[in-house]
Amino acid sequence: MPGTFTLAGRSDMHCVMKELFSLKIQTVSILILLLQIVLLTLVLQYSSAFAGDTLNEVRSRKTVRCGISEGPDGFSMKDRAGHWQGAGPDFCRAVAAAALGDANKVEFISLSAAGRFPVLLSGKIDLLAHTATMTFGREAGIGVRFPGVYFFDGQGFMVQRSSKIRTIRDLNGLTVCVVKGTTHQINLANTFQKYNMKYTPLVVGSISEAIDTLIKGKCQTVTADRSQLAAVQATTSAGPSRFEIIPGAFSLEPIGPVVRRGDEEWFTLVRWVLFALIEAEELGLTRDNVRTLLKDPGSSTLRDFLISSGQSGKSLGLRPDWVASVIGSVGNYGEIYERHFGAKSDLKIERGHNKLWTQGGLMYAPQFQ
């Protein structure tokens, strides 16, 4: 019957069209999946091809470009001869000793707190050895990585002694100088909220500008890392008698070197240079004795550290004596600390959290086997 046949034909045709459409969808899905696999492969190949670019560029250039802070004393400061001194420059020299075998092959670039990360991300420097605090937001949000911590600090407040301000609660309602582009701005707000106090922030470009503003009376206190405040107090004319640091730390500031995200070889090298400095102190290796002990380590622990690390470092193209080069150039972590922050410096800052873990501090290094 024509009518029935026509209806059945239309129904069959509808089923066929549905199957063809379904087949087309499946084909498109397969093509999309294949395309995703191809793209993923290209991304992995691209990443692999460019892994280690920083280290390769450093060796080609024969120089480590290192971003350092504009002060204060302790972290970085030029001496009378115009040479950069401080924990930041010394760490850069240690990295150069490992990467190039020569601690002097460093180009230092002085950077403000606000400009340090943009310059690093632009590729104009290889390493940032600044007063930068490690935070999740910085690692997750702006594309940088912190290989470790080389100074545990805490935020504090400094005032003029003539102000009679002696405690945190005396700051209620006052104007506070704080440096732009630092974690101090957020910590400042959190601290005053914690104490249910009010304040007026005055954001400035540098710690030196903050001190000038404090002296002029445009703000009544300066907030910064306590090490920075101690440096100002120790090195400014009549500093100890003119300035006072309010007791207590109002945040924990883990400060460390910074590299760009995405270069695992460079990240690994910088991280283990830091660990080498810490491990050397724990093992009693110094700038003066490391070469002697390299020839005759004596113990298996020293042998693992000085010699086996050279074997492991081959994958990064490091020299067999890279650890000895690092320590022989700048000393161990304790030597660096004492030279720039401790008893041998003008600052005389107690090590506190920066002691080795065996002495009640937070500094320790993983094994080098």
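The values are calculated or read from the model by the stated rules, or taken from the named source; none is laboratory data. These numbers were taken from a predicted model, which means no experiment stands behind them. All Cβ positions, glycine included, derive from the backbone under ideal geometry; neighbour counts span all protein chains shown.
Residue check: R138 meets all listed conditions (1) surrounded by 22 or more Cβ atoms within 10 Å (Cβ to Cβ); (2) more than 21 Å from F341 (Cβ to Cβ); (3) under 12 Å from the mean Cα position of the chain (by Cα) but one, namely (1).
Every residue, every condition in (1) within 30 Å of G71 (Cα to Cα); (2) surrounded by fewer than 17 Cβ atoms within 10 Å (Cβ to Cβ); (3) in the same structural domain as L100 (by TED's automatic domain parsing); (4) touching a helix residue (DSSP H, G or I) at 6+ places or on another chain (Cβ under 7 Å), yes or no:
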residue: E279; (1), (2), (3), (4): yes, no, yes, yes
residue: D296; (1), (2), (3), (4): no, yes, yes, no
residue: S299; (1), (2), (3), (4): no, yes, yes, no
residue: W322; (1), (2), (3), (4): yes, no, yes, yes
residue: G328; (1), (2), (3), (4): yes, no, yes, yes
residue: Y333; (1), (2), (3), (4): yes, no, yes, yes
residue: A343; (1), (2), (3), (4): yes, yes, yes, no
residue: E350; (1), (2), (3), (4): yes, yes, yes, no
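If you take the residues in segment 119-135 that are part of a loop (DSSP other than H, G, I, E, B) and in contact with a Ser or Thr (Cβ under 7 Å, 6 or more places away or on another chain), which one is surrounded by the most Cβ atoms within 10 Å (Cβ to Cβ)? Of everything passing the filter in segment 119-135, T131 is surrounded by the most Cβ atoms within 10 Å (Cβ to Cβ).
Just one of the listed residues (A97, A113, A81) is part of a loop (DSSP other than H, G, I, E, B) and in contact with a Ser or Thr (Cβ under 6 Å, 6 or more places away or on another chain), and it is A113. Listed by position, the helices (runs of 4 or more DSSP H) enclosed by segment 160-251 that each have at least 2 residues that are surrounded by 19 or more Cβ atoms within 10 Å (Cβ to Cβ) are 184-194, 207-215, 226-235. For segment 90-122, filtering for residues that are closer than 16 Å to E57 by Cβ, in contact (Cβ under 8 Å) with a residue 40 or more places away in the chain and not hydrophobic (A, V, I, L, M, F, W, C) leaves 2.
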